[in-house]
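*Asks:* Take a look at the following structure, please.
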Amino acid sequence: MNDNAISLYRAEQRRKIFLTALSLIILLLIISVWRITKGDWDIEFTRVIKLLSPWLDEAEKFSPEALVIRSVRLPRLFAAIATGGLLSISGAVLQGLLSNPLAEPYTLGIAAGAAFGGAIGLLFGTSAFIVTPAAFVGAMASLGCVGFIAWRSKGGSSQLVLAGIVANAILSAGVTFLKAIADDKLGAIVLWLMGGFSGANFNSACAVWGALILVLIFAFAYAPMLDAMSLGQERGAFLGVDETRVRIILLIITSLGVAAAVSSFGIIGFVGLVVPHLLRIFTGPAHRPLLLLSFLAGGVLLAGADGAAQNLGELPVGVLTALIGGPFFCWLLIRRGKN
Amino acid sequence: MSENNICFEINNLEFGYNNRKKILKNINAEINSRALISLIGPNGSGKSTLLRTLSGIQAYTGSVKINNFEVKNLSRKNIGALIGVVPQNFRPAYPFSVWEVIAMGRLPHKNLFDRMKSDDENLIINAAKRLEIEHLLTRNIMSLSGGEAQRVLIACVLAQDPPVLLLDEPTSALDPNQAAKVFKLLRELVKLEHKTVIVVVHDINTSLEFSDYYLALKSGELISQGEIKNLDLNILRNLYNSDFEAYHNERGDVMWRALAE
């Protein structure tokens, strides 16, 4: 193979990534148009464009149609896209950091920890300034315990996921216990845990976008280190990466992101597992393209799933992702066993 | 780099997972730079552990200095620019292409957000050429045979281009022809590029043929060290608890063959 063949191969790689990104962007646009024009009340696309124009006259600006689009459909769409992107990027980062393709916020117990922490927070008040920090502390504590168990049991990848499953079970029991003693707060907890995007508003959408951008910047900066670390067996350390430091920084950042998503929209599992995995099959495991494509594909998946969930009678979207993602996880396990 | 000829200076080095069983016991050595050093000894004698310690990846008591800097005080990034490591086994978790794996060797020379430049790409292609794996560059690393993966890791260290290379049985999965080529390459690195190469070897005759110095480890103790030409029957007997007989190869060099009881 000569240098020419290598530049051909690299051009082919770039083309594949570009085409995948392009198709995801087109899909995202199609889903966005669907989500903004369709609903209990169909609004023509040309009308939507007109209503979104900044030069709208006063009467139209406060017409019911404009209000539906601006304060219901757009925030919901943007919240779903950002949450999907955030969960997918977090999944890709965790899978790289831990060199384990089964890692994701849900399987590692980070999401369950955030739910438990958030539920405790809810006992003291429903403000986002209480619930989000409580969810973050819960996420970090759960992740810390899972990591500690995996480290003490001297186990590798599979031990970590097992510890995550145990943490999930304990924390779900904890949440049930909180519900049992919650009295008048029970309704708030149940509603919050059910999650979904039906209650999305401008503020919650902005919070998740902020978290998304933070996680993406950090993950992108550390992407080449993630490449080396994802090979496992201290490959990163031998190539000059301070693995402990990178792990701590990125685990804190992703926990923060997951806590922001969970405290606004509840537990949505398996998105972070499915998306990076499928992308690796199509465009390879290098993290710089993987992270950017994960953002797009996660947005497509969750915005689409949210649309489907709404059309199925406002199901919680987490139910839908678990119904799709659970079997996918089983398939992954079986495939891994075969290799 | 400092001007003196000592690369590693090891004083009272000890390592153990607990106090009862020490894996490395009171090791003192000076390792010359710009030389090929064989690390020999029976299985489980602590060779890999010593190599890991030199690479700064393992905690230790005592002192290990590289170019007069204590290894454990150097940052990982500095060590990455100074020392390249080829580990014994390699079972990657994700299907990177061979190109991508070799390219990771450039990581210690990059800052956050940096991109690959054409200089880096030339180094990568060169490294692949020297190990005769250009035809594998677009292949998925998980689909390679053990021997091919081993050569990819060596190419990765060449792309990393550090002054010191530590290799743990780099030819264990290679056929005799490829193994000889790798040792020739290591020899070349010492002679032409003035690198320091420390390599764990099981084949005594390979060490005799290619290295300048040896370090002999037995149950965590450094029982002998020196120029390779001083490696004699008594040392080998003591090291492996086995008798050896000498024979001459076609060039008339003395070679050793272990006599199993």
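Just so it is clear, none of the values below were taken in a lab; they were calculated from the coordinates. Everything quoted here is computed from the prediction, not taken from an experiment. We place every Cβ from the backbone using ideal geometry, glycine too, and count neighbours over all the protein chains shown.
*Asks:* Within a 10 angstrom radius of each residue's Cβ in B:106-118, how many Cβ atoms of other chains show up on average? Whole number is fine.
*Replies:* 3
*Asks:* Which loop-located chymotrypsin sites (Phe, Trp or Tyr not before Pro) does the range A:12-62 contain, where loop means any DSSP state but H, G, I, E or B and the Cβ has at most 15 other Cβ atoms within 10 Å?
*Replies:* Passing sites in the range A:12-62 are A:Trp41, A:Trp55, A:Phe62.
*Asks:* Please list the three semi-axes, largest first and in whole Å, of the ellipsoid equivalent to the protein assembly as shown, using sqrt of 5 times the eigenvalues of its alpha carbon gyration tensor.
*Replies:* 56, 27, 19
*Asks:* Could you go through the range B:29-41 in sequence order and give the Karplus-derived ³J(HN,Hα) for each residue, using 6.51 cos²θ - 1.76 cosθ + 1.60 with θ = phi - 60°, rounded to whole Hz, and x for Gly and Pro?
*Replies:* 7, 10, 10, 5, 8, 6, 8, 9, 10, 8, 9, 10, x
*Asks:* In degrees, nearest 10, range 0 to 90: what is the angle between the Cα axis of helix B:118-130 and the longest Cα principal axis of chain B?
*Replies:* 40 degrees
*Asks:* Compute the angle between helix B:146-160 and the longest alpha-carbon principal axis of chain B, please, reported from 0 to 90 degrees and rounded to the nearest 10.
*Replies:* Rounded to the nearest ten degrees, it is 70.
*Asks:* If we sort B:173-183, A:294-304, A:83-93, B:141-151 on the protection proxy, mean other Cβ atoms within 10 Å, highest first, what's the order?
*Replies:* A:83-93, A:294-304, B:141-151, B:173-183
*Asks:* With a length cut of 20 Å (Cα positions projected on each helix's long axis) and a Kyte-Doolittle mean of at least 0.5, go through chain A and give me the DSSP H helices that pass.
*Replies:* Long hydrophobic helices here: A:3-37, A:74-97, A:110-124, A:128-152, A:157-181, A:202-221, A:243-265, A:287-311, A:317-338.
*Asks:* A further question follows. Rounded, prolate or oblate, given the Cα gyration tensor of the range B:1-93, with a/c below 1.5 counting as rounded?
*Replies:* rounded
*Asks:* Determine which aspartates and glutamates satisfy two conditions relative to B:Lys21: a Cα distance under 20 Å, and not lying fewer than 8 residues away in the same chain.
*Replies:* Within the straight-line limit of under 20 Å, B:Lys21 reaches these aspartates and glutamates: B:Glu221.
*Asks:* Skipping prolines and chain starts, which residues have an amide H placed within reach, meaning under 5 Å, of the one on B:Lys218, given they are 5 or more residues away or on another chain?
*Replies:* B:Ile223
*Asks:* Additional query: Taking a 27 Å limit on the Cα-Cα distance, which of the listed pairs B:Lys25/B:Lys65; B:Lys22/B:Lys195; B:Lys72/B:Lys129 fall beyond it?
*Replies:* Pairs exceeding the cut-off: B:Lys22/B:Lys195; B:Lys72/B:Lys129.
*Asks:* Ignoring everything except DSSP H segments at least 4 long, calculate the 222 nm mean residue ellipticity for the protein assembly as shown; use -39,500 (n - 2.57) per segment, divide by total residues, nearest 500.
*Replies:* -19000 deg cm²/dmol
*Asks:* Answer rounded, prolate or oblate for the range B:6-259, using the Cα gyration tensor with square roots of eigenvalues a ≥ b ≥ c: rounded when a/c is under 1.5, else prolate when a/b is larger than b/c, else oblate.
*Replies:* The shape class here is oblate.
*Asks:* Further, regarding this structure: Can you list the residues, at least 5 places off or on another chain, whose amide H is less than 5 Å from the amide H of B:Leu39, using H built in the peptide plane?
*Replies:* Amide H neighbours of B:Leu39: B:Val199, B:Val200, B:Val201, B:Leu215.
*Asks:* Another question, then. Per residue of B:124-136, what is the mean number of Cβ atoms on other protein chains within 10 angstrom of that residue's Cβ?
*Replies:* Across B:124-136, the average partner-chain Cβ count within 10 Å equals 1.
*Asks:* Over all residues in B:93-105, what is the mean tally of Cβ atoms on other chains that come within 10 Å of each residue's Cβ?
*Replies:* Mean partner shielding for this stretch: 6.
*Asks:* Is the shape of chain A best called rounded, prolate or oblate, per the rule: a/c under 1.5 gives rounded, else a/b larger than b/c gives prolate, else oblate, with a ≥ b ≥ c the square roots of the Cα gyration tensor eigenvalues?
*Replies:* Oblate, because a/c is 1.5 or more while a/b does not exceed b/c.
*Asks:* Could you run the Karplus curve 6.51 cos²θ - 1.76 cosθ + 1.60 with θ = phi - 60° over the range B:47-54 and give me ³J(HN,Hα) per residue in whole Hz, x for Gly and Pro?
*Replies:* Running phi through 6.51 cos²θ - 1.76 cosθ + 1.60 with θ = phi - 60° gives 5, 5, 5, 4, 4, 5, 5, 4 Hz.
*Asks:* Packing-wise, with mean Cβ within 10 Å as the measure, how do B:226-232, A:266-272 rank, highest first?
*Replies:* Answer by packing, highest mean first, reads A:266-272, B:226-232.
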